[in-house]
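Notes follow once the structure below has been shown.
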Amino acid sequence: MCNFEFILSFVGSLLLIICVLVGVAFLTLLERKVLGYIQIRKGPNKVGFVGIPQPFSDAIKLFTKEQAYPMMSNYLPYYFSPIFSLFLALLVWMVMPYLTGMFMFNLGLLFFLCCTSLGVYTVMMAGWSSNSNYALLGGLRGVAQTISYEVSLALILLSFVFLINGYCMLDLVKTQEYLWLLVLLFPLALSWFASCLAETNRTPFDFAEGESELVSGFNVEYSSGGFALIFLGEYASILFMSMLFSALFLGCDVFFWFFYLKLAFMAFAFVWVRGTLPRFRYDKLMYLAWKSFLPLSLNYLLAFLGFKVFLMLYII
């Protein structure tokens, strides 16, 4: 019986990872198509029927190219950083709130915070081990930015912990049965979305990859498979953040097709922001994190705490 449950969990998680990777492939296609239409051009449309197999041909091209290693790089951290990055981006999907099988557990939100905190180390190691000044600067920027926005992300999540009275994402299903939390917590939703953009190094907060001054940031020395793994890790994180936004603010019934429509819309919003907004200035980015989002999330946290204390006193 125990072996059967283990095999079931393993097969389920393998299927989830395969589906996430296919989702990532089509997210890249969606991004290129949407950016194309925003810039009044077609986007990829030559490979296969209207360019649909384009992500797969790109993947084959990247993984079959020769891997180049900088002579002065620190080889092992340089080699394993992209692998670890993708591993963490896929591991965090295990908190997806399925009712049966998988690895859904009571401390899911804490596990998410642990995985995103570990993601900082992959950027730092990738930037440092390349032994390039541009890569190191990109890595340092990425780490400072991610750590800054993780504070507000954690505080917003803590507000939800007080609200639903637990760390389990399944509690969000019951909480949002009749009313989406987006209606009650709209400012918090905007803050969470902006923090997600900064956390995943997306426009307008893509300072880890500031092409104008840092060539390509922390991944400047990576080619072929290494670059593809970093790319996959980044887009898997975007997809996960879209799923988490949908679960936290837009109702959390993962067995209903409408949930996946909301997830797709949030992923589209990431691309939409990229096509619309110019890059922020770095000092403004830090100012936004510490002077705007931190006070907002702290105020909401204190409000929820007061609300819970009031309820407890009232019930007693």
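Spin-label model, ILE315/LEU298: points 7 Å from Cα along the beta carbon direction are separated by 2.9 nm. Taking GluC sites (Glu not before Pro) in DSSP loop states with no more than 15 other Cβ atoms inside 10 Å as exposed sites, the chain has its longest site-free stretch at 178-316.
Within region 114-217, which chymotrypsin sites (Phe, Trp or Tyr not before Pro) sit in a loop by DSSP and count at most 14 neighbouring Cβ atoms inside 10 Å?
On the way: sites: TYR121, TRP128, TYR134, TYR149, PHE160, PHE162, TYR167, TYR178, TRP180, TRP192, PHE193, PHE205, PHE207; in loops: TYR167, TYR178, TRP180, PHE205.
Answer by residue number: TYR178.
Here the chain is treated as a Stokes sphere of Kirkwood radius computed over C-alpha pairs; at 20 °C and 1.002 mPa s its diffusion coefficient rounds to 103 µm²/s. If one takes the longest principal axis of the Cα atoms in the chain, at what angle in degrees, from 0 to 90 and to the nearest 10, does the Cα axis of helix 75-91 lie? Value to nearest ten degrees: 40.
Note on ILE156, ILE17, ILE60: ascending count of other Cβ atoms within 10 Å places them as ILE60, ILE17, ILE156, the fewest first. The mean sequence separation of alpha-carbon pairs under 8 Å and at least six residues apart, normalised by the residue count of region 146-206, gives a relative contact order of 48 percent. Just flag the trypsin sites (Lys or Arg not before Pro) in region 219-313 sitting in loop per DSSP whose Cβ has no more than 16 other Cβ atoms within 10 Å. Counting only loop positions with at most 16 other Cβ atoms within 10 Å, the trypsin sites (Lys or Arg not before Pro) in region 219-313 are ARG279, ARG281. For region 54-142, the fraction of C-alpha pairs more than 15 angstrom apart is 69%. Full extension of the chain between SER57 and ASN133 gives 24.1 nm of extra length, using 0.36 nm per residue less the Cα-Cα distance. Here the contact order of the chain, divided by its residue count and restricted to Cα pairs under 8 Å and six or more residues apart, works out to 24 percent. Put simply, region 100-187 fits an ellipsoid with semi-axes of 34, 16, 9 Å; these come from the alpha carbon gyration tensor as the roots of five times its eigenvalues, largest first.
Label separation (PHE268 vs TYR75): 4.8 nm, computed from points 7 Å beyond Cα along the C-beta direction. Only DSSP H runs of four or more residues enter the estimate; each adds -39500 (n - 2.57), and after division by the residues of the chain the mean residue ellipticity at 222 nm equals -23500 deg cm²/dmol.
None of the figures in this text is laboratory data; all of them are computed from the coordinates on show. For clarity, every value in this text was computed on a predicted model and none was experimentally measured. Counting neighbours? That spans all protein chains shown, and the Cβs are built from the backbone with ideal geometry, glycine included.
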